[in-house]
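Computed from the coordinates by the stated procedures, all read-outs in this text should not be read as laboratory data. Since the structure is predicted, the reported quantities are computational estimates derived from the model, not experimental observations. Virtual Cβ from ideal backbone geometry, glycine too; neighbours counted across all protein chains shown.
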Amino acid sequence: MTVRLTPNEIEYIARKIVKSLVAAEKIQVDEPEEVMAAIGQVITDELHLEDQLNEEVRDVLVEHTAEMSRSDITYNEMFKMVKRRLAKEKGLVL
């Protein structure tokens, strides 16, 4: 599953995270805009990592197209299996 977030959506999520944590008195921040920007960057970086992983999965699947056509597994099922395996090998949490 691919989730595409716009920069505005990422900013909104970051703002909600900071506001919720401040309101719950879980964090205190002097510069909320800086914290929101940092959270937004983390979200963006994670989305880029997942994009790279998805690209790698597609490359692996292209190499094994013939095997997949002989088996009863669908492309989507194989995609999920390969993605989980590669994420585990790379130490990524999905």
*Treat every Asp and Glu Cβ in the chain as -1 and every Lys and Arg Cβ as +1, leave all other atoms uncharged, and give the resulting dipole magnitude about the Cα centre to the nearest 20 debye.*
440 debye
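Please compute the net charge surrounding I17, taking Lys and Arg as +1 and Asp and Glu as -1 over other residues with Cβ under 14 Å from its Cβ. Working shown, then result.
Working: positive: R15, K16, K19, K26; negative: E9, E11, E33, E34, E46.
Neighbourhood net charge equals -1.
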*Label selected from (i) 14.4; (ii) 15.0; (iii) 15.7, the criterion being Kirkwood radius over Cα pairs in Å as computed here*: (iii)
*Nearest 10 degrees, 0 to 90: helix 32-63 Cα axis against the chain principal axis*: 0 degrees
*Could you check the simple spin-label distance between E46 and K26, using points 7 Å along Cα→Cβ, in nm with one decimal?*
1.2 nm
*Can you sort R15, R70, R84 so the residue with the fewest Cβ neighbours within 10 Å comes first?*
R70, R84, R15
_Crossing angle, helix 7-23 versus the chain [Cα axis fit, 0-90 degrees, rounded to tens]_ = 50 degrees
*asked:* Sort L94, L21 by Cβ crowding within 10 Å, fewest neighbours at the top.
replied: L94, L21
*asked:* Which residue, I73, V42, N54, has the largest displacement toward the positive end of the dipole of the chain when charges sit on each Cβ (Lys, Arg +1; Asp, Glu -1)?
replied: I73
